[in-house]
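Participant: There's a structure below that I have some questions on.
Computed from the coordinates by the stated procedures, all read-outs in this text should not be read as laboratory data. As the structure is a prediction and not an experimental result, all values here were calculated from the model. As a convention, Cβ positions derive from the backbone with ideal geometry for all residues, glycine included, and neighbour counts pool all protein chains shown.
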Amino acid sequence: MDVERLYREHAVPLYRYLFRFSGDADSAADAVQDAFLRLVERTPRDEGIRGWLFRVGTNLVMERGRTQRRRLRLVEENPGRVPVGDAPADPAEDAERSERRREVQRALATLSERDRTVLLMRAEGFAQREIAEAIGVNPKAMGSILNRAQAKLAAALRIHVEVEP
């Protein structure tokens with residue numbers, strides 16, 4: 001297995017997908033690295049490497065998200081025990097693009113995990129058959145699943161845009 005070639009082919013699309021899925025660049029970058037480490041440690045047998053990497057990356061990001069939420073809850077419950085760092089810088093430049101990205105992230109967050117996965121994998125160029133395999137559904141159902149997920153995202157975006165001043 002040529003891991004370097006696989007990394008060149010899949011690392012950037014995997015990162016893009018994971019960043020869109022999580023909204024966290026650091027978490028996405030870490031998950032890409034960890035997914036490739038797992039690939040080296042245990043090569044998948046009966047499935048495509050691309051789908052396997054995306055599934056492993058998705059699981060890693062979700063696991064990190066759960067861990068972050070638990071840590072945040074602990075910090076909130078014990079405010080005096082953990083030092084609080086500086087507030088994040090206000091992103092003055094690229095404000096419009098940043099706001100649109102936040103709108104899309106908020107809209108994506110309203111969707112089920114399956115709908116987010118389907119839409120983001122499709123945006124990364126996965127075939128319907130590959131997406132169906134990754135989420136464990138009949139490939140014949142993917143057209144309907146994709147259409148419903150797109151409609152839900154469009155509705156969520158309209159709601160967020162209309163509610164925001």
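Participant: How many angstrom lie between the Cα centre of the stretch 44-63 and the Cα centre of the stretch 103-165?
Facilitator: Centre-to-centre (Cα) distance: 18 Å.
Participant: Report the charge-dipole magnitude of the stretch 1-62 in Debye, nearest 20, computed about the Cα centre from +1 at each Lys and Arg Cβ and -1 at each Asp and Glu Cβ.
Facilitator: Using only the charged Cβ atoms, the result is roughly 180 debye.
Participant: So for the pair ARG8, ASN138, with labels modelled 7 Å out along Cα→Cβ, what separation do we get in nm?
Facilitator: 4.2 nm
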